[in-house]
């Protein structure tokens with residue numbers, strides 16, 4: 001490394017954020033860009049480890065982190081960008097919304113704050129755009145084979161980008177009005193500005209990828225239509241079926257799935273047409289978010305910006321420790337308390353809370369009955385079991401309840417059902433080592449096959465699926 005003692009000279013400094021009083025008044029991004037000097041100093045903290053666990057154990061994309069940290073410290077942005085793009089198709093996405101799994105495996109993190117890898121990664125790609133390095137680079141040679149990608153979320157975009165760069169003709173179909181999937185519709189504007197998604201889509205189009213939106217594959221166009229026009233098909237529709245809450249009062253008005261709420265707000269900001277009958281707004285309401293993950297946090301920040309009078313969030317699991325738990329030693333992803341930018345803006349959080357009943361008035365939700373729970377390990381090595389704590393019942397007033405409890409599978413898919421594609425008991429689509437389904441020539445990538453997970457893992461699976469498709473096409477007789 002260029003600064004072998006950097007980790008002893010510089011402390012970790014995270015990117016600055018807009019003041020809370022300012023940012024809650026709009027949906028603009030909350031994180032600001034650091035100065036070049038700060039970024040290069042943060043890159044200098046990389047330790048030149050003998051065994052860098054950040055990419056060998058941490059990063060799902062196998063980003064070669066120490067190498068691009070070295071280039072950043074030296075001010076060689078083009079070289080850093082080339083290294084980063086060799087493994088990460090879309091650093092502008094992962095640099096903004098990835099929880100930085102790599103930082104949990106940083107060697108420096110054993111006894112100090114880890115290197116701010118995500119922040120450096122984001123600055124590399126943004127410098128790439130600033131300095132004019134991110135220009136369209138269509139493949140020098142086009143192959144005869146064509147691939148249809150169904151779904152334009154992170155997995156689908158990665159499949160499309162990887163195959164297009166290899167020279168294949170790629171068309172991406174999506175039922176939504178605009179491409180981007182969860183990047184555009186599920187993640188709030190204040191975390192990922194949609195201009196970032198639009199910028200990448202324009203670049204992919206300039207490189208030859210074709211996007212067809214407002215198209216339901218299996219309804220607007222059939223499998224046979226695709227079969228006659230493409231040499232391979234990749235399903236990448238994501239995990240769409242949310243986990244529901246089956247307790248008395250669930251059918252009352254004012255109870256919605258979190259993703260419906262978040263999608264509506266993104267469509268509202270994108271000037272897309274909304275259904276006035278199902279318009280979900282937190283303005284002037286007492287909001288209860290059930291579920292303590294990232295989606296729940298996004299609901300908190302969105303509710304505050306919409307003008308909720310009260311925001312509460314509950315989670316059935318126990319509160320994580322402030323520091324790394326002994327159950328997740330380095331270099332594993334640490335179980336510890338994380339406070340998002342939305343949590344710093346207001347609202348209350350409670351852990352080890354289960355819901356018992358939803359109370360209503362005039363057919364609409366008015367309050368939720370809850371109870372504290374404890375997690376008990378019945379025997380050594382056994383999984384903890386939840387038990388309600390008698391006498392701890394309490395009520396949370398709410399006239400808008402948002403269910404953010406994760407997803408159980410991809411949901412129903414007409415194309416999958418019509419073709420009889422094999423699925424797992426969970427509903428996830430089965431695949432082989434090349435990501436091919438039980439139907440030759442039809443592949444799958446992302447949450448549809450491995451369940452709801454991180455954007456970075458969907459991208460990794462997209463690269464894997466693209467490799468499988470390319471291998472299949474090389475041996476397909478008609479190609």
For the range 382-479, alpha-carbon Rg and Dmax in angstrom: 20.0, 70
Bridge type composition, the range 244-405 - antiparallel percent by DSSP, nearest 5: 50
FRET efficiency, 1/(1 + (r/R0)^6) with R0 41 Å, evaluated for residue 434 and residue 388 via beta carbons: 0.30
Cα-Cα separations in the range 134-199 greater than 18 Å, expressed as whole percent: 43
Highest average packing first - 338-349, 229-240, 417-428, 463-474, Cβ atoms within 10 Å: 229-240, 463-474, 338-349, 417-428
Translational D in µm²/s for the range 283-383 (Stokes-Einstein at 20 °C, 1.002 mPa s, Kirkwood Rh from C-alpha pairs): 139
Two-decimal Rg to Rh for the range 125-261 - Kirkwood Rh, Cα set: 1.06
Largest to smallest principal axis extent of the C-alpha atoms in the range 59-165, angstrom: 53, 28, 18
Gyration tensor (Cα) of the range 6-130, equivalent ellipsoid semi-axes in angstrom: 23, 17, 15
Potential lengthening between residue 228 and residue 9 on full extension [0.36 nm per residue; Cα-Cα distance subtracted]: 72.6 nm
Square roots of five times the Cα gyration tensor eigenvalues for the range 12-77, Å: 29, 15, 10
Whole-number percent relative contact order across the chain, with pairs defined as alpha carbons under 8 Å at least 6 apart: 16
Estimated [θ] at 222 nm from DSSP helical runs (n ≥ 4, -39500 (n - 2.57)) normalised by residues in the chain, nearest 500: -8500 deg cm²/dmol
The range 6-130: relative contact order as a whole-number percent, Cα under 8 Å and 6+ apart: 29
Calculated FRET efficiency for the pair residue 281/residue 113, C-beta based, R₀ 51 Å, to 0.05: 0.80
Protection-proxy order for peptides 101-114, 151-164, 15-28, 266-279, each taking the mean of Cβ atoms within 10 Å per residue, highest first: 151-164, 101-114, 15-28, 266-279
DSSP beta bridges in the chain [antiparallel fraction, %, rounded to 5]: 40
Cα-Cα pairs of the range 221-355 separated by more than 22 Å (percent): 53
Neighbour-count order for 394, 7, 443, fewest beta carbons within 10 angstrom listed first: 394, 7, 443
Cα extents of the range 95-137 along the three principal axes, largest first (Å): 42, 16, 15
Kirkwood-type radius of the chain, with distances r between different C-alpha atoms, in Å: 24.0
Pairwise centroid distance, computed over Cα atoms, of the range 88-136 with the range 320-380, Å: 29
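Read-outs throughout are calculated quantities, based only on the coordinates presented, and are distinct from any laboratory measurement. Predicted, not measured: the structure shown is a model, and the values here were computed from it. Cβ atoms come from the backbone with ideal geometry, glycine included; neighbour counts cover every protein chain shown.
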